[in-house]
Amino acid sequence: MITENELKESITKLVSATAIYLPEDVKKALNDAYERETNPVAKSVLKSIIDNIRVAEEGKKPLCQDTGTVIFYIEAGEKFPLLGKLPRILREATIKATEITPLRPNAVDIVTGKNSGNNTGEYIPWIEWDIVPDSDSATITVVLKGGGSESPSLAKTIPPGLGIKGVLKTAIDVIFEAGAKPCPPVVVGVGMGPAADIAMKLAKKALLRPIGSRHRREEIAELEEKLLKAINALGWGPHGVGGLTTALDVHIEAAHRHPAALSLGVATMCWACRRASLRVTDTGVEFLTHPFLGGE
Amino acid sequence: MTEYKLTTPISEEDVRKIRVGDILYITGRVYSARDAGHRRALELLNSGKPLPVDFRNMVVYHVGPVVKKVGDEWEIVSAGPTTSARLEMYEAEFIEKTGVRVIIGKGGMGKKTAEACKKFGAVYAIFTGGAGALAAKAIEKVEGVKWLDLGIPEALWILKVKDFGPLTVTIDSAGRNFYEEMKEKVNENLKEAYSIIGL
């Protein structure tokens with residue numbers, strides 16, 4: 001079984017790589033958007049995005065200076081041997097990755113405004129947990145969430161009478177108001193449920209799904225297609241200069257709601273949709289999104 | 001659309017020739033400033049104290065870079081623009097009181113900034129957001145840093161740049177604001193977007 005130190009090293013490598021290398025599905029979506037685009041200014045914006053991805057990879061440098069807030073999503077088996085040690089491992093890996101990459105220190109004290117200097121602080125890195133029954137392995141996903149693309153995010157509760165159309169309209173309005181600010185083409189996550197916090201968590205979690213993937217329920221998959229089409233009909237385009245691709249994709253996650261409440265969350269992720277996963281089993285670590293890390 | 005290669009300092013006369021849609025490449029010295037930097041600069045100016053650098057006829061860049069210290073020297077690792085909309089609350093006064101000529105950021109700025117650009121002779125230009133690795137290639141050297149107590153992203157970085165661009169002008173000194181015009185166009189598309197979801 002893997003030791004605490006070995007896991008810490010692997011997670012450090014994962015966090016560091018997340019800042020430098022976009023996942024393949026995001027790169028492909030950006031390339032496809034470039035091929036499709038007919039507006040010359042939008043095409044040149046997409047070209048600079050694609051050039052930037054290459055420059056970052058070649059120089060092994062963070063592709064964006066905002067290396068985000070560090071967020072971990074854990075799916076841990078109930079019998080995963082390092083379960084209780086994970087919070088410390090994740091914190092120490094964050095500090096180490098900040099130093100070696102380097103990442104920009106982005107954890108600022110709410111009251112004093114003082115930057116901690118190492119991307120850790122109260123509740124940070126943020127960790128979301130799912131416990132998997134009868135399993136002794138774990139899947140660890142890191143997301144580096146930029147600050148600019150966080151500003152349009154919204155959670156609210158609407159009268160259930162407005163229905164799902166009311167939710168989709170709110171999402172369209174969010175993207176309309178956001179314009180160029182969240183670095184489009186964005187990925188949009190929409191959550192629905194009985195309370196604002198639940199909806200927002202689901203919206204964020206929706207951003208983890210690969211570009212092009214659809215919800216397991218056909219009715220919700222259709223909503224994703226419609227909302228994507230509607231957002232792209234707005235015509236903001238890459239960086240708001242006009243063009244075909246305002247969103248690379250839309251993902252929706254939904255919980256059962258309360259009879260009297262329909263809450264929704266809208267989360268936006270910039271084109272630099274930085275997420276990476278690894279899986280730890282009793283035979284070792286497998287880098288799921290960035291397999292080349294296994295050979296380094 | 002005209003392409004301009006500008007070297008700092010930049011005169012008001014030169015800036016007033018630039019129009020929305022023009023492309024700029026800047027060589028010379030660029031100062032970084034984000035939220036806390038703008039706030040501190042205005043606090044100092046409003047209490048009659050000098051700034052550590054003179055922004056007159058110079059360039060301010062909305063950026064919080066990733067930096068690395070090698071020996072005694074700072075090195076820029078990644079340095080794309082931050083969202084300029086947050087600086088809207090400061091920028092008009094900043095333009096008026098510092099005499100800055102070119103503002104670089106991303107995402108556009110609002111009416112107050114556009115009015116100040118017109119009145120005092122300044123332009124706002126964008127670099128592709130998120131393209132931090134690409135932007136860092138144009139930065140030759142860190143010539144100094146002030147206000148490090150604000151933290152690395154918010155400090156005032158003095159950057160030596162060569163052909164920093166392409167920067168697309170979205171606010172000029174003739175009163176045009178590209179993103180305001182774009183929002184009107186997008187507003188016309190809202191109805192179609194709603195109809196796709198059945199409204």
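The values are calculated or read from the model by the stated rules, or taken from the named source; none is laboratory data. As the structure is a prediction and not an experimental result, all values here were calculated from the model. Note: ideal-geometry Cβ built from the backbone for every residue, glycine included; neighbour counts use all protein chains shown.
Please work out if B:Tyr179 is within 19 Å of the chain's Cα centre (by Cα) and either crowded, with 23+ Cβ neighbours inside 10 Å or facing chain A (nearest Cβ under 7 Å) (or both). When the stated conditions are applied, B:Tyr179 passes them. Is it the case, given these coordinates, that B:Gly105 is in contact with a Pro (Cβ under 7 Å, 6 or more places away or on another chain), on the phi < 0 side of the Ramachandran plot, at pLDDT 95 or above and crowded, with 18+ Cβ neighbours inside 10 Å? In short, yes. Strands (runs of 3 or more DSSP E) fully within region B:1-78 that include at least 2 residues being within 17 Å of the chain's Cα centre (by Cα) and small (Gly, Ala, Ser): B:23-32.
Please verify whether region B:145-159 includes one or more residues that are within 14 Å of chain A (Cβ to nearest Cβ), aliphatic (A, V, I, L, M) and within 12 Å of the chain's Cα centre (by Cα). Within region B:145-159 (the criterion being within 14 Å of chain A (Cβ to nearest Cβ), aliphatic (A, V, I, L, M) and within 12 Å of the chain's Cα centre (by Cα)), the answer is no, since none of the residues qualifies. The set of residues in region A:151-173 being more than 10 Å from every other protein chain (Cβ to nearest Cβ), buried (at least 17 other Cβ atoms within 10 Å of the Cβ) and assigned to a helix (DSSP H, G or I) consists of A:Thr170 alone.
Scanning region B:84-102 for residues that are surrounded by fewer than 24 Cβ atoms within 10 Å (Cβ to Cβ) and without any contact (Cβ under 8 Å) to a residue 40 or more places away in the chain turns up B:Ala85, B:Glu88, B:Met89, B:Ala92, B:Glu96. Residue count for region A:240-264 satisfying the condition of being under 30 Å from A:Ala180 (Cβ atoms), out of contact with any Asp or Glu (no Cβ under 9 Å at 6 or more places or on another chain) and small (Gly, Ala, Ser): 4.
From the list A:Ile140, A:Ile131, exactly one residue is outside any helix (DSSP H, G or I), surrounded by 15 or more Cβ atoms within 10 Å (Cβ to Cβ) and either modelled with pLDDT of 95 or more or within 14 Å of another protein chain (Cβ to nearest Cβ) (or both). Which is it? Lay out the reasoning, then the answer.
Values: A:Ile131 fails: surrounded by 15 or more Cβ atoms within 10 Å (Cβ to Cβ).
Of the residues listed, the single one that is outside any helix (DSSP H, G or I), surrounded by 15 or more Cβ atoms within 10 Å (Cβ to Cβ) and either modelled with pLDDT of 95 or more or within 14 Å of another protein chain (Cβ to nearest Cβ) (or both) is A:Ile140.
Condition check ((1) under 29 Å from A:Lys61 (Cα atoms); (2) touching a residue at least 60 places away in the same chain (Cβ under 8 Å); (3) aromatic (Phe, Trp, Tyr)) across all residues:
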residue: B:Lys112; (1), (2), (3): no, no, no
residue: B:Lys118; (1), (2), (3): no, no, no
residue: B:Tyr124; (1), (2), (3): yes, no, yes
residue: B:Gly129; (1), (2), (3): yes, no, no
residue: B:Ala138; (1), (2), (3): yes, no, no
residue: B:Val142; (1), (2), (3): yes, yes, no
residue: B:Val145; (1), (2), (3): yes, yes, no
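So is B:Thr168 in contact with a His (Cβ under 8 Å, 6 or more places away or on another chain), at the interface with chain A (Cβ under 8 Å from one of its Cβ atoms) and not basic (Lys, Arg) or not? So B:Thr168 fails the test. A:Arg104 falls short on exactly one of the conditions (1) touching an Asp or Glu at 6+ places or on another chain (Cβ under 8 Å); (2) more than 11 Å from every other protein chain (Cβ to nearest Cβ); (3) surrounded by 21 or more Cβ atoms within 10 Å (Cβ to Cβ); (4) part of a loop (DSSP other than H, G, I, E, B), and that condition is (2). What about B:Val63, is it within 14 Å of another protein chain (Cβ to nearest Cβ), modelled with pLDDT of 95 or more and closer than 17 Å to B:Glu140 by Cα? In short, yes. For B:Thr113, the criteria (1) closer than 20 Å to A:Cys64 by Cα; (2) in contact with an Asp or Glu (Cβ under 6 Å, 6 or more places away or on another chain) hold in every case but one, which is (1). Where helices (runs of 4 or more DSSP H) fall entirely within region A:1-97, those with at least 1 residues that are under 21 Å from the mean Cα position of the chain (by Cα) and farther than 27 Å from A:Ala180 by Cα are at A:4-20.
Taken over region A:43-72, the criterion of being of a type in the set (A, V, I, L, M, F, W, C) and within 11 Å of chain B (Cβ to nearest Cβ) is satisfied by A:Val45, A:Leu46, A:Ile49, A:Ile50, A:Ile53, A:Val55, A:Ala56, A:Leu63, A:Cys64. When the test is whether a residue is under 24 Å from A:Pro152 (Cβ atoms) and more than 14 Å from chain A (Cβ to nearest Cβ), B:Ala92 passes it.
Within the group B:Ala131, B:Ala135, B:Ala114, which residue is under 23 Å from A:Pro238 (Cβ atoms) and away from every other protein chain (no Cβ under 14 Å)? Explain how you work it out, then say what you get.
Details: B:Ala131 fails: away from every other protein chain (no Cβ under 14 Å); B:Ala135 fails: away from every other protein chain (no Cβ under 14 Å).
Answer to the selection: B:Ala114.
Screening region A:174-222 for residues that are surrounded by fewer than 17 Cβ atoms within 10 Å (Cβ to Cβ) and part of a helix (DSSP H, G or I) and picking the one that is nearest to the other protein chains (Cβ to nearest Cβ) gives A:Glu177.
Determine, yes or no, whether B:Glu188 is within 11 Å of another protein chain (Cβ to nearest Cβ), at pLDDT 95 or above and either within 16 Å of the chain's Cα centre (by Cα) or not in a strand (DSSP E or B) (or both).
Numbers: within 11 Å of another protein chain (Cβ to nearest Cβ): yes; at pLDDT 95 or above: yes; either within 16 Å of the chain's Cα centre (by Cα) or not in a strand (DSSP E or B) (or both): yes.
It is true that B:Glu188 is within 11 Å of another protein chain (Cβ to nearest Cβ), at pLDDT 95 or above and either within 16 Å of the chain's Cα centre (by Cα) or not in a strand (DSSP E or B) (or both).
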